[in-house]
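Below you'll find the structure, written out as C-alpha cells, and then a few comments.
Throughout, read-outs are computed from the coordinates displayed, never taken from laboratory work. Because the structure is predicted, anything quoted here is derived from the model rather than measured. Because the Cβ atoms are built from the backbone with ideal geometry, glycine has one as well, and the counts that use them run over all protein chains shown.
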Amino acid sequence: MDKLNKTFYIETYGCQMNTVDSEIVTSILISAGFKLVDDIKEANILLLNTCAIREKAVERVINKMRQHKGFLKSGKLEIAGILGCIPEHTGDELKAKLDFIKLQVGPDKYRTLPQLIKNIYKDRKYHEELDFDIEENYEDVTPYRSEHTNAFISVMRGCNNFCTYCVVPYVRGREKSRTVDSILDEVKNTIAQGITEITLLGQNVNSYNFEGIRFPELLQKVAEIKGMERLKFATSHPKDLTEELIDVIVKNPNISNSFHLPFQAGSNSVLKRMNRGYTIEKYLAKIKMIREKIPNIAITTDIIVGFPGETEDDFQQTVKVLKDTKFDNAFMFIYSERKNTASAKNFKDDVSKEEKSRRQQFISKLQKKIGLVELKKDVGKITEVLIESISKKRDYQYKGRTEQNRIVVFDKIEGYNIGDYAKVKIKKAEGVTLFGEIVE
Ligand code: 5AD
Ligand code: SF4
C-alpha cells in the first residue's frame, strides 16, 4: 500500500485491555507508514479507543469528541474516528450524535485501519468495520509501548461468562486464548527491551486455555523466563480460581503478591441474578485460602451497587463483606443498565439514582478507612520498589510501586533511575499512597 504521510493521535479510555489495543493499533499504523504524534494539534487523524461498560464512559467519549471537533475546522485534523467497545455497543447512535466522524472500528478489526483510512482519503465517506473474528489475537503484532518500566501483555481476549449486567461478551466477542509460544516470545522480547515488570491480561485471565494448557501452567512458564523480575496478572474470576494458581504464586518469588478478585455483591440472591457462578461463602473461602497460603498478599476487588432488586438488606451484606475482608482497595460502581444484556432484558432497573449514589458513597467512605488501616501496616517496613516515573506533584521525587502494587513516593537520590528497583523505608501512609526514603 502506498504511504500516505499522515499523522495520527490516539486517546485511550477504559480498561487495561484497551491500553494494549491502542498499542496494537499504533503499531499497525506505524508499520503502514503513519506517524504517531502526541499533540492533537499536529494530527491529521484522531482516534478515540473507547469503553462501553457504563453509560458514563460513553457520555465521556461523546463530550470529548465534541470538544475535539473544532480541530477539524481550525487545525490539521482531517479524520476523526472511534475505536473499541462503543462502536460494537451503540455505533449507530454514536454516529447519529457525532455526525462528523468518518470511522468506527471494533476490537477485532484493527488490521483494516490503514486501508480504511486510505479509503476515507479517497472517497471522503464514512467507513466502519465491526465484525468479530474468533481467530484474531494480533499474535504477530508487537505492541508499540510508551511505558518503559512495565508492559501489559494480553493472553486472551473476549468473555464467555455472560454476567447479566455486563456488556463485554457483546462488545468484545467470545473468549479466545493466544498460543503459549507467542506469549512467551512476546515476554522474552519485552524483557530484552529492558522492561522487567509484566502484567498478563485477559477479561478472565484465569480461564486461559490454549490446547489444554491452563493459566497456572502458563503463569509458571512465564515466571521462569530469565530476567522476569515482577509478574502480575488481571483480572481473575472467582469461579475459575484454583488452589493450583495460588501455589504457582507461592512457588515463584517474582510473581507479585497482589490479587484482584471482584466479588461484585455480598448477597447470594443478587449474585445469582448477576449469574456470577459462586455464592459469597465460596468467594470468602477462596479469600481465606489465598490469605493462608500468602499472608502478606494485597487483595483488591470490584463492587456494583444498585443492581436491579438490590434491597437494603442485600446492600448490608456487601457492607459486611467489605468490613470483614479488609481489601487493600476496592473499585465501586453504580449499576448502569446496558443494552442487550440479560439484566436489561429481564430485570427492572428499580433502585433509584439517589439510593444508588447513597450506597456507593457509603461504601467508598468505609473502604477508604479500611484501606488506610491496611496501608499503615507498611509503615516502618523496608520494601522493594520499582521506580516508575517522576512524581507528578514534586519533580524532586519518584513514584514507584511495591511488590503488592502499592504506590510509593520518595525523594530521588543519585544513582537511582526510572526502571530501577530500590529498597525504600516506608515513613507514612496517606489516602492510597505510601511515602518513604531510599535506604542503600
Ligand atoms: N454497571 C456498573 N458496573 C459494571 N461493571 C461491569 N458492568 C457494569 C455495569 N453494567 C463493573 C464490574 C466489573 C468492572 C470492570 O466494572 O464491577 O468488575
Ligand atoms: Fe470497557 Fe469492557 Fe471494553 Fe474494557 S472491555 S474497554 S472495560 S467495555
Of all trypsin sites (Lys or Arg not before Pro) in the stretch 109-163, which ones are in loop regions per DSSP and have a Cβ with at most 12 other Cβ atoms within 10 Å? 124, 125
For the chain, what is the mean residue ellipticity at 222 nm derived from helices alone (per DSSP H run of n ≥ 4: -39500 (n - 2.57); sum divided by total residues; nearest 500 deg cm²/dmol)? -11000 deg cm²/dmol
Bin width 5 Å, alpha-carbon pairs only: give the P(r) of the stretch 330-440 as whole percents, running from 0 to the bin holding the largest distance. 2, 11, 18, 15, 11, 9, 8, 8, 8, 6, 3, 1, 0
Backbone HN-Hα couplings from phi across the stretch 125-131 [Karplus 6.51/-1.76/1.60, Hz, Gly and Pro as x]: 9, 7, 10, 9, 9, 10, 5
For the chain, taking Cα atoms only, what is the radius of gyration to one decimal and the Dmax to the nearest whole Å? 22.4, 65
Given springs between every Cα pair under 10 Å in a Gaussian network model of the chain, which of 415, 84, 371 has the largest fluctuation? 415
Distance cut-off 18 Å, percentage of C-alpha pairs in the stretch 185-325 lying past it: 59 percent
Over the C-alpha atoms of the stretch 7-129, what are the Rg and the largest Cα-to-Cα span, Dmax, in Å? 13.0, 36
Scaled radius of gyration (Cα, divided by 2.2 N^0.38 Å) that the stretch 71-225 gives: 1.21
Is the shape of the stretch 21-86 best called rounded, prolate or oblate, per the rule: a/c under 1.5 gives rounded, else a/b larger than b/c gives prolate, else oblate, with a ≥ b ≥ c the square roots of the Cα gyration tensor eigenvalues? oblate
Long-range amide H contacts for residue 258: which residues qualify at under 5 Å (H placed 1.01 Å from N, peptide plane, sequence gap of 5 or more or a different chain)? 298
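Mean Kyte-Doolittle of at least 0.5 plus a Cα span of 27 Å or more along the axis: flag which DSSP H helices in the chain meet both, please. Please report the intermediate quantities before stating the final value.
Working: long enough: 353-376 (34 Å, -1.17).
Helices meeting the span and hydropathy rule in the chain: none at all.
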Would you mind calculating the relative contact order of the stretch 351-440 from Cα pairs under 8 angstrom and at least 6 residues apart, reporting the percent as a whole number? 28 percent
What nm distance separates the two modelled labels at residue 437 and residue 123, each placed 7 Å from Cα along Cα→Cβ? 6.7 nm
Tell me the relative contact order for the stretch 150-376 as a rounded percent, counting alpha carbon contacts under 8 Å between residues six or more apart. 18 percent
Three principal axis lengths of the stretch 382-438 [C-alpha, angstrom, descending]: 26, 22, 16
The stretch 66-107, Cα convex hull volume normalised per residue, Å³: 64 Å³
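How many percent of the alpha carbon pairs in the stretch 179-233 exceed a separation of 16 Å? Present the calculation step by step, with values, prior to reporting the outcome.
Numbers: 532 of 1485 pairs.
Summing the P(r) of the stretch 179-233 above 16 Å gives 36 percent of all pairs.
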